[in-house]
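The values are calculated or read from the model by the stated rules, or taken from the named source; none is laboratory data. What you see is a predicted model; the values in this text were computed from it and never measured. Here the Cβ is made from the backbone with ideal geometry for all residues, glycine too, and neighbour counts use every protein chain on show.
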Amino acid sequence: MAAAPPWKKPRNAGPVVWWMRNDLRLQDNPVVRAAVAEALTDQRPLLPVFIFDPRFLDRSFYGRVTDPDFKKSISTRKPVDFGGRKTCALRALFWLRCVRAMSDAIAAKGGRLLVCHGKPEDVLAPLPAGSLVVCQSEPVSPEQTDVEDKVEEVLSKTHGELWRKWGAMGLYHRKDLPFPVNGGPGNYTELCLTMGWEDLWRSPGRTADAARIRVPVAAPDAWPQGLAAVDLPGLMSDQVLRDDREALKFLGYSAEEIEEAMSQELPEAGEAAAQKSLEKWLREQNEEPKDLHEPVLWDLPTGGGGAKGHDALQWANLAKPDGWLRISHYMAVGCISAREIFARAEESRNFNGVAHRLLWRELHRLNAIRWGRRLFWLQGPGRVERPWSWDMKLVEAWKAGLTGVPYIDACMRELKQTGWLAYKGRKTVGFYFVFILGLDWRIGAFHFEDVLLDYDVAMNYGNWVVVSEVDKSSRGAHGFKTVEDLAAWKMEEFEWKLSAEKKNDTSGDYLRRWLPELQKLDAKHIHEPWAMSEELMTRCGCVLGRDYPMPLGGPFRMREEVSEEEERRFHPNDSSGNRYTYKEFIDFAMKKGYDANFGKKCWEEAQPISVLQEENQQLRQQLQAAEHQLRSLQSA
């Protein structure tokens, strides 16, 4: 009897494709490890691919660029044009340089990175039958999830497959979360406690059963052979990739946009640069701070106040325009992972602060997954209804740094020229945009998406809905009828923010760095040029309305820690005789379950203290006159 022929294991014909996205690194990258392992195990070629998707670069309407017909949204929606790109040329240039560094790292291992321009579902469609594409999933972004769905659909037509890996974009792996990935706690403190942090506001201690944070994994040592010949749509030649101007032109940027981007200074790009930046920061943590100025923390979520002695959470750095870690732009494109930063900083004396920041990032990522497309609604996840303005003249003044409010203008010009802005700056310019100018928060968020080097969908839109107070229904400024009423309610709060920036930059150095028209102003007036006399304006060469704009929404008053100057009124129906500010009347109404209009009505019914003082003066005068008349009668 003849022996049966030996069995041969079936082999997939197509290559393993590492579809690189926001994971531009080899170190601590579970996605590339999975792709390499699969290729080596099945003796399949490995094809690393990076795709610049024009939908995330070009000018577009606000909203889901992957769903232009609103098939996955509300059918009655209409396109909204905020007049911006998804990615400005400066951010695209940094991105390109990071991709180029990744190409060099892969070439050093004997591989080749293909860089393409086009929709991923079109670029990957011609892959050989049976191809396996491995990518890092992006569940925080409905748009990127749509792209994954489209790629999966097109691959299935040729018996290909898409593996979506969680990767290491976040600090925690979804399998290690003590709750469903779309059902986590909605506030920071609750998240920290749920994850097993004892009190992250004050110490980095964790409980014995704390959620696992996986250790960083090494880069692959072995590298599979590449695909001999491949021709994908939109392929960028290596010669073009090596030339900044030609590469930006290839991606669709105009000559003017390219030259503006090339004139700006960018941080060094790539994984090695990210590692170097982290090492430099770690060394600096062992040095004593050079600036011993006590910062003002009025506008920081200090969880009960800044710590005395060593500032482990580094509130002092967050209170200043220079920032602290300055590594967010690398994290945004995946040149370094949150897990590696966490692990490397664990022996630092400021580890508490690092863990604190990374947990805030984690909260925004989990919120983005939980909220889905509600994160991008005008009403926000909290479904807050209130008046908004779409005055594009105000928008353009804000973007250009021409609002007439020096701190706001300095921040916006720094953002435009560098693609970076410190935490406090982002919060304050956002607050001013939304509450003082009354503008649609989505316009501001969309502009940040365009210009920030460290743009991250969850962090950007998550922070904007928080600043705009549309993240929760309980926080929302409900019941206002006009943007003017809203601005009046928030005026005092904004003035405190400006006052904090003045306290933290008493010399005005930050303002002079970005506002040359204010160079001749002294420290007393540079934060509030509207307080100068006309004579002094002329002498300084800074006449408001001519050399520098009048303050939009202002003028504003700088405040001290305690101030009795705010106008207060007493209500005739309040027997206590207490006096309240406009904001306190609004807060009282909302606390009692009424809308803001009721609080405004109470304010209008109330009497200013000046009226009471005048009435008291009149009564005293009448009493004195009566006493004088009585004495005259008695002596007659």
- prompt: Do we find a residue being under 24 Å from R212 (Cβ atoms), at pLDDT 90 or above and part of a loop (DSSP other than H, G, I, E, B) anywhere in segment 376-390?
  reply: no
task: Collect the residues in segment 103-127 that are closer than 17 Å to A92 by Cα and free of Cβ contacts under 8 Å to residues at least 12 places away in the same chain, keeping them in residue-number order.
output: none
- prompt: L313: under 18 Å from the mean Cα position of the chain (by Cα), assigned to a loop (DSSP other than H, G, I, E, B) and of a type in the set (A, V, I, L, M), yes or no?
  reply: no
task: Output the qualifying pairs, or none if there are none: Cβ atoms under 7 angstrom, residues six or more apart or on different chains, first residue in segment 271-286 and outside any helix (DSSP H, G or I), second residue modelled with pLDDT under 95 and surrounded by 15 or more Cβ atoms within 10 Å (Cβ to Cβ).
output: Q285/S348; Q285/N350
field: Residues located in segment 75-115, provided they are on the phi > 0 side of the Ramachandran plot and not in a strand (DSSP E or B)
entry: G110
- prompt: Taking Y432 and the conditions (1) within 15 Å of the chain's Cα centre (by Cα); (2) crowded, with 24+ Cβ neighbours inside 10 Å, which numbered condition does it fall short on, given that it satisfies the others?
  reply: (1)
Matching residues in segment 235-252 - criterion: being surrounded by fewer than 17 Cβ atoms within 10 Å (Cβ to Cβ), within 31 Å of the chain's Cα centre (by Cα) and assigned to a loop (DSSP other than H, G, I, E, B): R242, D243, G252
- request: Go through segment 207-253 residue by residue and tally those that are under 30 Å from E346 (Cβ atoms), β-branched (V, I, T) and free of Cβ contacts under 8 Å to residues at least 40 places away in the same chain.
  value: 1
- request: Return only the number of the condition from (1) surrounded by fewer than 20 Cβ atoms within 10 Å (Cβ to Cβ); (2) in contact with a Ser or Thr (Cβ under 9 Å, 6 or more places away or on another chain) that D456 does not satisfy.
  value: (1)
message: Just to be sure before I move on: is E161 free of Cβ contacts under 8 Å to residues at least 60 places away in the same chain, surrounded by fewer than 20 Cβ atoms within 10 Å (Cβ to Cβ), touching a Ser or Thr at 6+ places or on another chain (Cβ under 9 Å) and outside the structural domain of E449 (by TED's automatic domain parsing) in the structure I sent?
response: yes
task: Please specify each residue of segment 391-415 satisfying the condition of being part of a loop (DSSP other than H, G, I, E, B) and surrounded by 22 or more Cβ atoms within 10 Å (Cβ to Cβ).
output: G401, T403, V405
task: Considering every residue within segment 488-502, establish whether at least one is of a type in the set (S, T, Y) and without any contact (Cβ under 8 Å) to a residue 60 or more places away in the chain.
output: no
message: Among the residues that make up segment 350-357, is at least one of them surrounded by fewer than 21 Cβ atoms within 10 Å (Cβ to Cβ), closer than 26 Å to L486 by Cβ and not acidic (D, E)?
response: no
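In the list S237, S254, which residue meets the criterion of being of a type in the set (S, T, N, Q) and more than 22 Å from E121 (Cα to Cα)? Spell out how you get there, then give the answer.
Working: S237 fails: more than 22 Å from E121 (Cα to Cα).
Testing whether each residue is of a type in the set (S, T, N, Q) and more than 22 Å from E121 (Cα to Cα) leaves just S254.
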message: Looking at segment 459-495 only, could you name the residues that are over 22 Å from the mean Cα position of the chain (by Cα) and assigned to a helix (DSSP H, G or I)?
response: V483, E484, D485, L486, A487, A488, W489, M491, E492, E495
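A quick yes/no check of all residues on (1) under 30 Å from K600 (Cα atoms); (2) modelled with pLDDT of 90 or more; (3) outside the structural domain of K600 (by TED's automatic domain parsing):
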site	(1), (2), (3)
V467	yes, yes, yes
V470	yes, yes, yes
G479	yes, no, yes
G508	no, yes, yes
Y548	no, yes, yes
G554	yes, no, yes
statement: Filtering segment 120-171 down to residues that are within 29 Å of the chain's Cα centre (by Cα) and on the phi > 0 side of the Ramachandran plot yields G167
field: Single condition T418 does not satisfy, out of (1) closer than 22 Å to L486 by Cβ; (2) β-branched (V, I, T); (3) surrounded by fewer than 22 Cβ atoms within 10 Å (Cβ to Cβ)
entry: (1)
- request: Report yes if E501 is modelled with pLDDT of 90 or more, acidic (D, E) and either more than 19 Å from D409 (Cβ to Cβ) or under 25 Å from the mean Cα position of the chain (by Cα) (or both), otherwise no.
  value: yes
- prompt: Among the residues of segment 602-612, is any under 30 Å from I526 (Cα atoms) and modelled with pLDDT of 70 or more?
  reply: no
